[in-house]
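S.K.: One structure is given below, represented as structure tokens, and several questions about it will come after.
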Ligand SMILES: [Zn+2]
């Protein structure tokens, strides 16, 4: 089914802002441009962005950026950075997790596509992040590339029959993977790749069409995954361009953009700004396999 949302969608009104739930705003690509990037985001109707760290250093910067601009942050060590992480890096993440601006743990997960870190090490870091998220009552930001079976197996064993609180970000799996993630209690975050013209993204579009609205989150994953309408026309993605993905998804789901904005922003606020909404109950303790193996890796 062809979809042709407006090439340059008009921003939603002030009562229906969008929330970018995954933005790497403290990375070098945005150095010195924070103010103008956020000004363009506000003009495009974006009310908040979760600043996501991928290493100890990048998490420190994400918290600093979040503090300066009144945004929430996520701290963690991305699976692609696990191999270079030291014990003191993990200590830094544990300390940063207590910062009042920190609203989530991650990003963490498994990446068997790039394999910059050995799978066993990625799994160990995933376990640490899930443990930290549950211990601190914060949601987890999960990344998964070519590792669906392993991440499901790991998450199921961590959850031990309970549900997990967090998001599978930049979701790119099929319906079965989506259903398994939803059954674990996770939200699904959709980024610019859902707009890509290539037929191979039809599977992703069919998932995005039917995800329950109360589990849906929007994100840019900037500077990556720039929406189709801007590919080749802009150097990198940024929060303002979330509007393109939102308009595309609204069209795909047959819902007004304002309604999609209202629902997804409410979902994001419940997850990442619980102080401004109702605080979620702390999840029950997890049964973590190998919990006593905290030795250095
Ligand atoms: Zn990311």
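Taken together, the values in this text are just the output of simple stated rules run on the coordinates, not laboratory data. It should be emphasised that the depicted structure is a prediction, and the values quoted were computed from it without experimental measurement. All Cβ positions, glycine included, derive from the backbone under ideal geometry; neighbour counts span all protein chains shown.
S.K.: What strands (runs of 3 or more DSSP E), lying completely within segment 120-193, carry at least 2 residues that are more than 14 Å from the ligand (Cβ to nearest atom) and within 21 Å of residue 50 (Cα to Cα)?
M.R.: 187-190
Conditions tested, residue by residue: (1) over 21 Å from residue 267 (Cβ atoms); (2) out of contact with any helix residue (DSSP H, G or I) (no Cβ under 6 Å at 6 or more places or on another chain).
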{"position": "43", "(1), (2)": "yes, yes"}
{"position": "55", "(1), (2)": "yes, no"}
{"position": "58", "(1), (2)": "yes, yes"}
{"position": "66", "(1), (2)": "no, yes"}
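S.K.: Checking residue 62 against (1) within 16 Å of the ligand (Cβ to nearest atom); (2) under 18 Å from the mean Cα position of the chain (by Cα); (3) over 21 Å from residue 130 (Cα atoms); (4) part of a helix (DSSP H, G or I), which test does it fail?
M.R.: Here residue 62 clears every test but (3).
S.K.: Which condition breaks for residue 22 when tested against (1) touching a residue at least 60 places away in the same chain (Cβ under 8 Å); (2) touching a helix residue (DSSP H, G or I) at 6+ places or on another chain (Cβ under 7 Å); (3) surrounded by 24 or more Cβ atoms within 10 Å (Cβ to Cβ)?
M.R.: Unmet for residue 22, out of (1) touching a residue at least 60 places away in the same chain (Cβ under 8 Å); (2) touching a helix residue (DSSP H, G or I) at 6+ places or on another chain (Cβ under 7 Å); (3) surrounded by 24 or more Cβ atoms within 10 Å (Cβ to Cβ): (2).
S.K.: Further question: Can you pull out every residue in segment 58-83 that is free of Cβ contacts under 8 Å to residues at least 60 places away in the same chain and closer than 18 Å to residue 116 by Cα?
M.R.: 58, 77, 80, 81, 82, 83
S.K.: Can you find even one residue in segment 239-259 that is assigned to a strand (DSSP E or B), touching a residue at least 40 places away in the same chain (Cβ under 8 Å) and within 16 Å of the ligand (Cβ to nearest atom)? Outline the logic, then answer.
M.R.: Within segment 239-259, the subset assigned to a strand (DSSP E or B) is none.
Looking for residues that are assigned to a strand (DSSP E or B), touching a residue at least 40 places away in the same chain (Cβ under 8 Å) and within 16 Å of the ligand (Cβ to nearest atom), one finds none in segment 239-259, hence no.
S.K.: OK, next. Is it the case that some residue within segment 115-124 is closer than 16 Å to residue 187 by Cβ and surrounded by 20 or more Cβ atoms within 10 Å (Cβ to Cβ)?
M.R.: Taking segment 115-124 and keeping what is closer than 16 Å to residue 187 by Cβ, we get none.
Among the residues of segment 115-124, not one is closer than 16 Å to residue 187 by Cβ and surrounded by 20 or more Cβ atoms within 10 Å (Cβ to Cβ), which makes the answer no.
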